[in-house]
Every structure is written in C-alpha cells, then in structure tokens.
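Working notes, structure below.
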Amino acid sequence: MEIIEGFARAKAALLRRGAAGLYQVSPALKQRLEEMFATGDPEAVVRQILDEVSSRGDKALIELTARIDGVELASLEVTREQIKAAYSEVAPELVSALKLAAERIRAFHEKQRDSLGKGFTLPGVAQVLRPLARVGVYAPGGMASYPSTVLMTAVPARVAGVGEVILATSPRAAGLVPPATLVAADMAGVDRVFCIGGAQAIGALAFGTESVPRVDKICGPGNIFVVIAKKLVYGVVGIDGLPGPSEVLIVADDTADPEYCAADLLAQAEHDPLASAVLVTTSSQLAGEVIKALERQLETLPTKAIAAGSLRDRGKIAVVADIDEAIELANLYAPEHLCLMVAGAAGYIERITGAGCVFIGGRSTVVLGDYVAGPSHVLPTGGTARYGSPLSVSDFIKSMNLINLGEADLSRLGRAAAIIARAEGFEAHARAVEKRLAEDR
C-alpha cells in the first residue's frame, strides 16, 4: 500500500475528480467484447444489448444469456416450487442467519417508515405519500451468490408498501439461481424471480418483455455493464444510483487495534481488484503495525490474489498531524464505509458530513453492516455520499402534492399569479386565472 505523509499530499491523493474506475476495462475483457460485439467500448456494448432487449424481448434475453453467460435457458422465470425446494438445499445455519438478517432489516426499515413524514395538510394545499407500484431489484449472481443483497433491497421495498417486487439475478450453469438467493428472495417477500443477469436484465426490467414486467424503478448493485445499463435507462425508469467498486476509509489513532484495522481493510479489498481500502491515521507507529498485520493476514486468505491486487493498486495509508486533518480528509473522500477507530469516536459524529455509513468504534466492523445490523448495505460510492444517501424506504415512496383552493384563496392569490404569468410571456395562464376572478366578483 502507498503511504502518504502529510495533509496536503493526502488531500491531493484522495480528491475525487470523477467516477473513478467506472469505465475501466481489462485487456482480456476488451478482447472478449470485441470478439462478441465487434467493439471494446462497454457503453457501446450495453447500447447494443438494450436495443436487442427492447426490440426482441424474451428471444433476445435467451440468446444473450447463451452468448454472454454460456447458459441455455428453457424458461426465464424461477417457479415457486424451485424457490420452496431451495430451502432444503441451503445449510440450516445459513437459513437461520438469513432469517435473522431479514428480521433485523425489516425491523429497522419499519421503524424508519414509521418515523418518516406521513404527509401533511395546510390551508388549500397538502402532500400525500404513495408507494411505487412495481420495483425491480438486481442481485449479482452467476459464479457467486449474494443473498444479502436481495434482503437489503427487497425488504425496504416491501416495507414501503411496493405493490410488486421483481428480482433479476444472473443464472448459474443449467439456468439455475443459487438456492440461498431464492431463500432470501422468499424471506424478503419477492413476488417473482427471473434468472437474467447483466445489462440485458436491466433492459428487461426497464422496457418489459413478453415474460418480464416493466417496473417503475430499478435498485441494486452490479458490474460495469449493469451500472452503464442503469445509466442509459434512467428516465425510462427510476434508479437508486450508479454504484461503483466497494470502498472503506478508516480513521484511526494510536488507540486503534492494528489487527482490526488490517482485517477491515482486507474485508473491502477482497471484493474486487478495483475496491479501495484507505487508512488515515495520526500515528506512524500504527501505520507500520497495520502493514505488518496485512502481510500476516494475507498469507492465509483464500482471496489473497484479489485483496493483494486491490491493496497494491488502490490501497492507501495516510499519516496526518491530528484528528482534525483526518476528519477533513474523510469528508473530502466521502467514502461508502467510514470507520472511526479513535478514542471517543462517538464524539466526532457531528463533524462527519459525507459517508454512506459510519461505523463507530472497534467493535462496529463493516461486515456487520454488510449482513445483519439492519441498515441497507446499498450505499453511495465513488464520493457520491457527498450528496447521496443509503438505500431506504424513502427510495420506494413518492410524494404527491394536492391543491384544493376555494373562493377566498383565489381572491387572495389569483392576481399575483396573473402578474407572474404575464411577466413570463404566458398570456393564456393569466387569462385562466382572471376568468375565475371575474366569475367570483
């Protein structure tokens, strides 16, 4: 990992200048894209995929799945019988853990829902809340299984009162969805499951096909093709955001445990070679101890190659003068995950202005937030925590304004409205108000 001495250099190194890594493509992937789609540009590939899904529906989905995933599908939708059978294929302890996570996530979001505004009424105007009618959630699949992502997206949607929740996830060989994913989907209250992955899944959810219903909003993380597809269909449907590679920034002083620091850095680094693991510390001694701990822990890590590559290419340790500088850097970086491993950590919360989720103290490892703490682990990345928020019940609820004006309101407000309308060059606007004013005299 790169060690950066001093606040000024750390600030320069951590300043985000764009969506870093969003369009990074390895030479091997670029070659494969050129072979399959006659272009190595991932956005151009996604545009091709979306055009095919939009124009040819299910047929395109089946052909693209065979072409990209190497899986021949007999049916796109997973049956209820397959979902029920999945419980017997998942270890009981995993079922119990998923159940606990679902209960915790549901309890958190129910509390969040109940504390949100329930609409309001003022003289002549009001605001009411309505859940979205149909939502699509995307969970990465294929070689790996991420049942936690299903819970973290579908449970808040269901708690919000969404009428129908549709899950799309990449199929494994023989067109099967990992059993743990199906169990999580059932626990979360997902209505229908489709074994479709990648950009084609986003296209199906956005446009609708013969089998896949069109949704109002698409949520959930994915690879570069999923992110680009979400970007391109935004406006046709709503999206929760454009999540990039996972990231953590740890603020630590000389009271922090270097083994804990190293473990949490590795927990992010093993996600992806593009993941970012950053330590900002006031202690040069701690920085050295963390590097030694990383080396020890890496030796026995099954995901050593991925984690080591991430730390080598994107990992950073910044040594600064004091906590004030460390917090300024944290707010500048606006990480997905921010860990405060400092004495009196809770006392610094009011000074944190940008982070997806803040983990306070050494016991609050990011991993608990990933799975069972309760808040959704779908968080803003790439510095978007400066203005973005974690996925929540509010992502699935829209507000609607009501205007119900009487004669007295018209008399009090109408003249002003007509004046503004004419100032903007809209004579018909002004006349529409004045006709009512004349009738009320």
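The values are calculated or read from the model by the stated rules, or taken from the named source; none is laboratory data. Since the structure is predicted, the reported quantities are computational estimates derived from the model, not experimental observations. For neighbour counting, all protein chains shown are included, and Cβ atoms are generated from backbone atoms with ideal geometry for every residue, glycine included.
For region 27-53, enumerate the residues that are among the acidic types (Asp, Glu) and more than 19 Å from LYS230 (Cβ to Cβ).
Here is the first cut: in region 27-53, the ones among the acidic types (Asp, Glu) are 34-35, 41, 43, 51-52.
GLU34, GLU35, listed by residue number.
Per-residue answers, yes or no, for (1) surrounded by 19 or more Cβ atoms within 10 Å (Cβ to Cβ); (2) under 15 Å from THR255 (Cα atoms); (3) at pLDDT 95 or above; (4) among the aromatic types (Phe, Trp, Tyr):
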| position | (1), (2), (3), (4) |
| --- | --- |
| ASP324 | no, no, yes, no |
| ALA330 | yes, no, yes, no |
| GLU336 | yes, no, yes, no |
| LEU340 | yes, yes, yes, no |
| ALA345 | yes, yes, yes, no |
| ALA355 | yes, no, yes, no |
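Select from region 28-82 the residues that are among the charged types (D, E, K, R) and outside any helix (DSSP H, G or I) and write down the one among them that is farthest from THR181 (Cα to Cα).
Residues of region 28-82 that are among the charged types (D, E, K, R), as a first pass: 30, 32, 34-35, 41, 43, 47, 51-52, 56, 58-59, 63, 67, 69, 72, 77, 80-81.
Next, only the ones that are outside any helix (DSSP H, G or I) stay: 41, 72, 77.
Numbers: ASP41: 31, GLU72: 20, GLU77: 14 Å.
Top of the filtered list is ASP41.
Could we say that GLY374 is in contact (Cβ under 8 Å) with a residue 12 or more places away in the chain, part of a loop (DSSP other than H, G, I, E, B), touching a Phe, Trp or Tyr at 6+ places or on another chain (Cβ under 6 Å) and farther than 16 Å from ASP240 by Cα here? Reasoning before the result, please.
Values: in contact (Cβ under 8 Å) with a residue 12 or more places away in the chain: yes; part of a loop (DSSP other than H, G, I, E, B): yes; touching a Phe, Trp or Tyr at 6+ places or on another chain (Cβ under 6 Å): yes; farther than 16 Å from ASP240 by Cα: yes.
Judged against the criteria, GLY374 is a match.
Please pick out the residue among ILE420, ILE397 that is at pLDDT below 95 and touching a Pro at 6+ places or on another chain (Cβ under 6 Å).
Working: ILE420 fails: touching a Pro at 6+ places or on another chain (Cβ under 6 Å).
After applying the criteria, what remains is ILE397.
Take the residues of region 152-177 that are touching a strand residue (DSSP E or B) at 6+ places or on another chain (Cβ under 8 Å) and not hydrophobic (A, V, I, L, M, F, W, C): which is nearest to ALA101 (Cα to Cα)? I'd like the intermediate steps shown before the answer.
Our first condition is that a residue be touching a strand residue (DSSP E or B) at 6+ places or on another chain (Cβ under 8 Å); within region 152-177, this holds for 153-154, 157-158, 160-169, 177.
With the extra rule that they be not hydrophobic (A, V, I, L, M, F, W, C), the set shrinks to 153, 158, 161, 163-164, 169.
Working: THR153: 12, ARG158: 15, GLY161: 20, GLY163: 23, GLU164: 21, THR169: 20 Å.
Ranking the qualifying residues of region 152-177, first place goes to THR153.
Applying the selection to region 394-424, what residues are surrounded by 14 or more Cβ atoms within 10 Å (Cβ to Cβ) and closer than 30 Å to GLU164 by Cα?
Selection gives SER394, ASP395, PHE396, ILE397, LYS398.
Could you list, ordered by first residue, the pairs with Cβ atoms under 7 Å in which the first is in region 48-62 and assigned by TED's automatic domain parsing to the domain that holds GLY208 and the second is buried (at least 17 other Cβ atoms within 10 Å of the Cβ), at least 6 apart or interchain?
none
Before we move on, is GLU427 loosely packed, with under 12 Cβ neighbours inside 10 Å and either of a type in the set (S, T, N, Q) or touching a helix residue (DSSP H, G or I) at 6+ places or on another chain (Cβ under 8 Å) (or both)?
Working: loosely packed, with under 12 Cβ neighbours inside 10 Å: yes; either of a type in the set (S, T, N, Q) or touching a helix residue (DSSP H, G or I) at 6+ places or on another chain (Cβ under 8 Å) (or both): yes.
In short, yes.
Any residue in region 204-221 that is farther than 14 Å from VAL190 by Cα sitting within a Cβ distance under 6 Å of a residue that is among the hydroxyl-bearing types (Ser, Thr, Tyr) and in a loop (DSSP other than H, G, I, E, B)? List the pairs, counting only those 6 or more apart or interchain.
none
Determine whether region 232-254 contains at least one residue that is in a helix (DSSP H, G or I) and in contact (Cβ under 8 Å) with a residue 24 or more places away in the chain.
First, pick out the residues of region 232-254 that are in a helix (DSSP H, G or I): 232-233.
With the extra rule that they be in contact (Cβ under 8 Å) with a residue 24 or more places away in the chain, the set shrinks to 232-233.
Yes, region 232-254 has at least one match.
Quick grid of which residues meet (1) crowded, with 22+ Cβ neighbours inside 10 Å; (2) touching a residue at least 24 places away in the same chain (Cβ under 8 Å):
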position	(1), (2)
ALA269	yes, yes
THR281	yes, yes
LYS292	no, yes
THR300	no, no
ALA307	yes, yes
GLY315	yes, yes
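Look through region 84-128, keep the residues that are of a type in the set (Val, Ile, Thr) and assigned to a strand (DSSP E or B), and return whichever of them is surrounded by the fewest Cβ atoms within 10 Å (Cβ to Cβ). Full working, then the answer.
Step one: filter region 84-128 for residues of a type in the set (Val, Ile, Thr), giving 90, 95, 105, 121, 125, 128.
Next, from what is left, pick out any that are assigned to a strand (DSSP E or B): 121, 125, 128.
Numbers: THR121: 11, VAL125: 13, VAL128: 13.
Here the answer is THR121.
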